[in-house]
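The values are calculated or read from the model by the stated rules, or taken from the named source; none is laboratory data. What you see is a predicted model, and the numbers here were worked out from it, not measured in a lab. Neighbour counts run over all protein chains shown; Cβ positions are idealised from the backbone, glycine included.
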Amino acid sequence: MLSQIFRRLFVPNTQDMKLIVGLGNPGKEYSQTRHNIGFMILDKVVEKRKIKWHRDRLYHHTEADGAVFLKPKTFMNLSGTAVAKIKNRKSVSSILVVYDDIYLPLGELRIREKGSDGGHKGVKSIISSTGDSGFVRLRVGIGTPEKEELSDYVLDNFTRDELPVLNKTKDFACLLVEQFITGDYKEMIDCYSKNNLSYSEEIRELSESKSKGGTK
């Protein structure tokens, strides 16, 4: 009996798991900001499973359905520290990182299998800390500021009239994350291709409605 308990506590988990990372900044003051869209989407994915987050000094994490869900608590620029630590602790077969993109309109989603950091400091930190750029990215458009400073814009809350688009975006993003968990990158892309046209039309209608009478 003692030997079985010892094995459960101290023998590393050798089962390959998928690592799902949402990027954002810790703290209530940042919870609804544009930069935290990765956290928001991961929270929704985890909430559907009715499981709880476990707190670590560097991150919040939980596991289900062959996947590890991770929210770094190191602030955006040091996200890679948390990702590298959990990657070293688990046998990770593939990684999906969900994060904001200021170069895409609000609500637009893009998927890439691998690549550069694209100027995103959280992604840059992950590449630097893990020494690997070959992970899947789900980029979530938050729009580009017209006059506001970039640093202020990404740390601002979504406005009230942006919420309908945001909610629809989170739903579609969660669907794509689920496809990655149950399948792989190809199934995620297939799901995106089949649903993106109708999704984009819904986003366009919501955006037009916002521009006609939305308020902050």
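Residues of the range 28-51 being within 20 Å of GLY66 (Cα to Cα) and assigned to a loop (DSSP other than H, G, I, E, B), which ones?
ARG49, LYS50, ILE51 - these are the residues of the range 28-51 that are within 20 Å of GLY66 (Cα to Cα) and assigned to a loop (DSSP other than H, G, I, E, B).
Considering only the range 139-154, I want to know if a residue exists there that is over 20 Å from GLU29 (Cα atoms), hydrophobic (A, V, I, L, M, F, W, C) and modelled with pLDDT of 95 or more.
Yes, there is a match, as at least one residue in the range 139-154 is over 20 Å from GLU29 (Cα atoms), hydrophobic (A, V, I, L, M, F, W, C) and modelled with pLDDT of 95 or more.
With the requirement that a residue be in a strand (DSSP E or B) and either closer than 18 Å to VAL140 by Cβ or over 13 Å from the mean Cα position of the chain (by Cα) (or both), what does the range 62-78 give you?
THR62, GLU63, ALA64, ALA67, PHE69, LEU70, LYS71, PRO72
How many residues are more than 10 Å from ILE20 (Cα to Cα) and either touching a strand residue (DSSP E or B) at 6+ places or on another chain (Cβ under 9 Å) or without any contact (Cβ under 8 Å) to a residue 24 or more places away in the chain (or both) if we restrict to the range 126-136?
7
Residues checked against (1) surrounded by fewer than 20 Cβ atoms within 10 Å (Cβ to Cβ); (2) of a type in the set (A, V, I, L, M); (3) assigned to a loop (DSSP other than H, G, I, E, B):
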| position | (1), (2), (3) |
| --- | --- |
| VAL83 | no, yes, no |
| LYS124 | yes, no, no |
| LEU138 | no, yes, no |
| THR144 | yes, no, yes |
| ASP152 | yes, no, no |
| PHE172 | no, no, no |
| LEU175 | yes, yes, no |
| ASP190 | yes, no, no |
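I'm told ASN88 meets every condition in (1) of a type outside the set (A, V, I, L, M, F, W, C); (2) touching a residue at least 40 places away in the same chain (Cβ under 8 Å); (3) farther than 27 Å from LYS168 by Cα; (4) part of a helix (DSSP H, G or I) except one. Can you identify the failing condition by its number?
(2)
Looking at SER198, SER209, which one is in contact with a helix residue (DSSP H, G or I) (Cβ under 8 Å, 6 or more places away or on another chain), farther than 29 Å from LEU78 by Cα, surrounded by fewer than 16 Cβ atoms within 10 Å (Cβ to Cβ) and not basic (Lys, Arg)?
Checking each option against the conditions leaves just SER209.
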